[in-house]
Amino acid sequence: MAADTFIPLTIKAVERETAEAISVLFDLPNEHEAAFAFKAGQHLTLKVDIDGEEVRRNYSLCAAPHEGKLKVAIKQIAGGRFSTWANQSLEPGQAIEVMPPHGSFTWAFDAARQANYVGFAGGSGITPVLSLLKTALQEEPKSNFTLLYGNRASSDIIFLEEIASIKDRFMGRFQVYHFLEDELEDIELFNGRLDSDKLADLIGTLITPEDVTAAFICGPGPMMDAIEVSLKTAGLGEDQILLERFTTGAPSAAQAAADRELTQKVAGLEMQVRLEGRTRKLVFDGAQDNILDTARAKGLPAPYACKAGVCATCRAKLLSGEVKQRATYGLSKEDAAAGYVLTCQSIPLTEDVVLDFEG
Ligand code: FES
């Protein structure tokens, strides 16, 4: 993302998907089609003003690129400022500031390939997985997709009907299995959450690891961790496991204290930041906690969304010097290898740090 660019888009439709989740379809004028072209699995950053305060959140696109729709799902989470506001207030005709799509939870689909994909989704984690599975089935006519989808109860299943209709349409190439924590199903395998014990039951029955081309995982952190470890133990390589995190856990008290201490130690280091075609000299501000906040406090429009290390909206290329990152969840392996860092998670370690937000 070159800069902190948002474009106002009008909401075309708001559908209630479950008691706690809505889907939001944006109207996309021709003039913005190119800017909002996206890959399966990517997300949008939405920006609104709630009670005089700017609030940004990322939401994954649930449509596939070939569907020509810009649509996200927003699940209301307890205490969630944006999600509560959106579930109560959004309606057709309203305009919202939207950043063009981004994100690395995606895959290069190839019509000639014959692949077996597995998607693991928990709750609203279905949104990017739905986009990926629709794309896989549409673009790779010889490929199969198996979806394992965990929820508390059947009433919580977002896109239940759409998933059923995909199953009808791609019969033989798409399998879906629902796992419910608080509702008992006849087959014991489908009761309970997608944790390590469940994965042990699934591997070798519903999942044959040696046949899996790639696995896409999105949902609560502990579920994702358990699935990732189980799949690696079963023999899948890192390149075959793609993860999309919506949130991260808080660091331990000891880690937070160590981070604070280091941040104070490096306060005052000089840096350079390249943004919007200009290079600015900055002094790292220990009171701002990270490079992104230091840049924004100086009036630079450095882009961001989550400030938690998961979305990569704030990524910049490190051209020289050294930084320390607290988390790198949102960086793909390719981005990390190419020298990108997450500025919301970074502090400088040396005097000669140069970061390019347009790199
Ligand atoms: S703003 Fe999301 S990773 Fe930095």
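The values are calculated or read from the model by the stated rules, or taken from the named source; none is laboratory data. Note that the structure is predicted; figures quoted are calculated from it, not measured. All Cβ positions, even for glycine, are placed from backbone atoms using ideal geometry, and neighbour counts span all protein chains on display.
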Inset, instruction - Check whether at least one residue in region 82-94 is in the same structural domain as Leu28 (by TED's automatic domain parsing), within 18 Å of the chain's Cα centre (by Cα) and within 24 Å of Pro220 (Cβ to Cβ), and report yes or no. - result: yes
Inset, instruction - Would you mind stating whether Val353 is more than 11 Å from the ligand (Cβ to nearest atom) and either within 16 Å of the chain's Cα centre (by Cα) or surrounded by fewer than 24 Cβ atoms within 10 Å (Cβ to Cβ) (or both)? - result: no
Inset, instruction - Out of Glu276, Glu238, Glu261, Glu210, report the one residue that is closer than 30 Å to Asp356 by Cβ, out of contact with any strand residue (DSSP E or B) (no Cβ under 9 Å at 6 or more places or on another chain) and not assigned by TED's automatic domain parsing to the domain that holds Leu331. - result: Glu238
Legend entry - Any hit, region 254-271, residues being within 30 Å of Ala215 (Cα to Cα) and at pLDDT 90 or above: no
Inset, instruction - Inspect all residues belonging to region 252-260 and state whether any of them is within 30 Å of Asn151 (Cα to Cα) and surrounded by fewer than 18 Cβ atoms within 10 Å (Cβ to Cβ). - result: yes
Inset, instruction - For region 257-275, indicate whether the set of residues that are within 15 Å of the ligand (Cβ to nearest atom), in contact with a helix residue (DSSP H, G or I) (Cβ under 6 Å, 6 or more places away or on another chain) and free of Cβ contacts under 8 Å to residues at least 24 places away in the same chain is non-empty. - result: no
Inset, instruction - Check region 317-337 and report whether any residue there is among the hydrophobic types (A, V, I, L, M, F, W, C), part of a loop (DSSP other than H, G, I, E, B) and touching a Cys at 6+ places or on another chain (Cβ under 7 Å). - result: no
Inset, instruction - Tell me, yes or no, whether region 128-137 has at least one residue that is assigned by TED's automatic domain parsing to the domain that holds Asp51, touching a residue at least 12 places away in the same chain (Cβ under 8 Å), not in a strand (DSSP E or B) and not β-branched (Val, Ile, Thr). - result: no
Inset, instruction - Would you please list the contacts, defined by Cβ atoms under 8 Å and residues six or more apart or on different chains, that run from a residue in region 112-123 that is in a loop (DSSP other than H, G, I, E, B) to a residue that is crowded, with 24+ Cβ neighbours inside 10 Å and of a type outside the set (D, E, K, R)? - result: Ala115/Ala136
Inset, instruction - Quickly run through region 312-344 and pick out the residues that are within 8 Å of the ligand (Cβ to nearest atom) and within 21 Å of Glu276 (Cα to Cα). - result: Ala312, Thr313, Cys314, Arg315, Leu342, Thr343, Cys344
Inset, instruction - Could you check how many residues of region 288-307 are more than 6 Å from the ligand (Cβ to nearest atom) and either assigned to a loop (DSSP other than H, G, I, E, B) or buried (at least 21 other Cβ atoms within 10 Å of the Cβ) (or both)? - result: 12
Legend entry - Qualifying residue in region 230-237 (condition: closer than 18 Å to Ser104 by Cβ and surrounded by fewer than 20 Cβ atoms within 10 Å (Cβ to Cβ)): yes
Inset, instruction - Take the residues in region 46-69 that are touching a residue at least 12 places away in the same chain (Cβ under 8 Å) and outside any strand (DSSP E or B), then tell me which one is surrounded by the fewest Cβ atoms within 10 Å (Cβ to Cβ). - result: His66
Legend entry - Unique match (being surrounded by 14 or more Cβ atoms within 10 Å (Cβ to Cβ), without any contact (Cβ under 8 Å) to a residue 24 or more places away in the chain and not assigned by TED's automatic domain parsing to the domain that holds Ser332) among Asp225, Asp285: Asp225
